[in-house]
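See below for the structure under consideration.
The values are calculated or read from the model by the stated rules, or taken from the named source; none is laboratory data. Bear in mind the structure is a predicted one, so any value in this text is a computation, not a measurement. Cβ placement follows ideal geometry from the backbone for every residue including glycine, while neighbour counts extend to all protein chains displayed.
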């Protein structure tokens, strides 16, 4: 996903051939000789990034718990991108010769090619993706050159870099799908702009609104989600590389140049913060959680509105399933799964917060547990957004059913406004209309069927013009201010979202 600046993202295939051509015969001979010299020691001692002070092997249970490769192998490309950039910074700091830099790039590109082709060999002692990539690099180019890549670098900073590179592209994918969902909602709103339906508070019918006004309310939720995620992308895009294990880098590498090479907006300014920072994962998880809440609420509305009791809309067969027992059923599984996923994402968010709350400063192994949740949050959120986009784009709205669900008692507020326009204070008008509703219920006559005499017995300010109240179209059309449910106001909302989408997507 995403793009990395020229010179950092190495493309397999032709680019690998170029590196093969650039590595001279002398350099190839050097690589081959050095591999041969160290062959016995490499076989005798399984590759580890640590262990010089150890005389005993790691307990097999700890090895299993300590191994994160099944999760973090997903970061292989980002890990290689960071290694290429770091090798360049080492060369610029004169810690690598240009020949050594080319050899390392050739080796890293070979490793990338193996990952892409699925030929990479994972060993039982490979703790993580960093171990795999460095092991294979050294196997390819030899330890005398490959062993220099990690000069001044720690996995503590390496993993944060990899996660940020991955997350940068993940965020772009989320933004794209959020834009697609907003666009689809906007299209449906424009298509059904003339449909009137009940608006609800407390799940009780309140006032007539346009169907478009209701569904656009979610578009504006998602628009704010989009803005929050986009702002987060700018804020998290700072380079941690060059922080070492916790104290910094002693080899005078140019971190600002490294940040430019990797497409970051700047660098971190405290090495201890940089290696232990998971706030960006917490914030990412929160943003996905909040988006999931909005998706879940929309799913709940759609589930209700698609029941026979409401029947305002019909979900496409593509996004429903049947019953194993009841042949007539069309279950809204797509929406129920979106609702369920929201809970799972929220759980991942809370889980990471609980992990972080008791940690001392800098890196602790607890932080290894951050990536499985991060990946799950992203995968599930992207699926939910994509699924909801499909549901919205294929559903059918029943205009007649929406209209028939309206009742004239929902115009009681309009009656209060009618009296306000005749000089009665709103609170008094509200009380008067409450009396009208109570009288209507007492005599079992619909409010719109009460006689003028009945109304004037309650309040003399009623006259024959009150009959104009009993029109749903007139009711919604009085809300012409920005954000209202009149047709012109709803069209303004649609146009605003179109403008937003033209700039955002």
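Tabulated results
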| item | result |
| --- | --- |
| Of the criteria (1) in a helix (DSSP H, G or I); (2) more than 20 Å from residue 151 (Cβ to Cβ); (3) under 24 Å from the mean Cα position of the chain (by Cα), which one residue 275 fails | (2) |
| Qualifying residue in region 192-210 (condition: under 23 Å from the mean Cα position of the chain (by Cα), touching a residue at least 12 places away in the same chain (Cβ under 8 Å) and surrounded by 20 or more Cβ atoms within 10 Å (Cβ to Cβ)) | no |
| Residue identified as under 20 Å from residue 187 (Cα atoms) and part of a helix (DSSP H, G or I) among 441, 435, 473, 503 | 503 |
| Members of region 447-461 found to be touching a residue at least 40 places away in the same chain (Cβ under 8 Å) and either at positive phi or in a loop (DSSP other than H, G, I, E, B) (or both), listed by number | 459, 461 |
| Matching helices (runs of 4 or more DSSP H) fully within region 120-196 where at least 2 residues are in the same structural domain as residue 236 (by TED's automatic domain parsing) and under 25 Å from residue 241 (Cβ atoms) | 155-191 |
| Residue 413 vs. criteria part of a helix (DSSP H, G or I) and assigned by TED's automatic domain parsing to the domain that holds residue 184 | no |
| Yes/no for residue 80 being part of a loop (DSSP other than H, G, I, E, B), surrounded by 20 or more Cβ atoms within 10 Å (Cβ to Cβ), in contact (Cβ under 8 Å) with a residue 40 or more places away in the chain and outside the structural domain of residue 240 (by TED's automatic domain parsing) | no |
| Every pair of residues 6+ apart whose Cβ atoms lie under 8 Å, when the first sits in region 139-156 and is under 17 Å from residue 106 (Cβ atoms) while the second is assigned to a loop (DSSP other than H, G, I, E, B) and at pLDDT 95 or above | 148/95; 148/96 |
| Inter-residue pairs, beta-carbon under 7 Å, first in the same structural domain as residue 283 (by TED's automatic domain parsing) and at positive phi and in region 344-371, second surrounded by fewer than 13 Cβ atoms within 10 Å (Cβ to Cβ) and in a loop (DSSP other than H, G, I, E, B), 6+ apart | none |
| Residue satisfying all of: in region 114-128; crowded, with 16+ Cβ neighbours inside 10 Å and within 29 Å of the chain's Cα centre (by Cα); farthest from residue 88 (Cα to Cα) among these | 127 |
| Qualifying positions in region 424-446 - more than 21 Å from residue 199 (Cβ to Cβ) and touching a residue at least 12 places away in the same chain (Cβ under 8 Å) | 424, 432, 435, 439 |
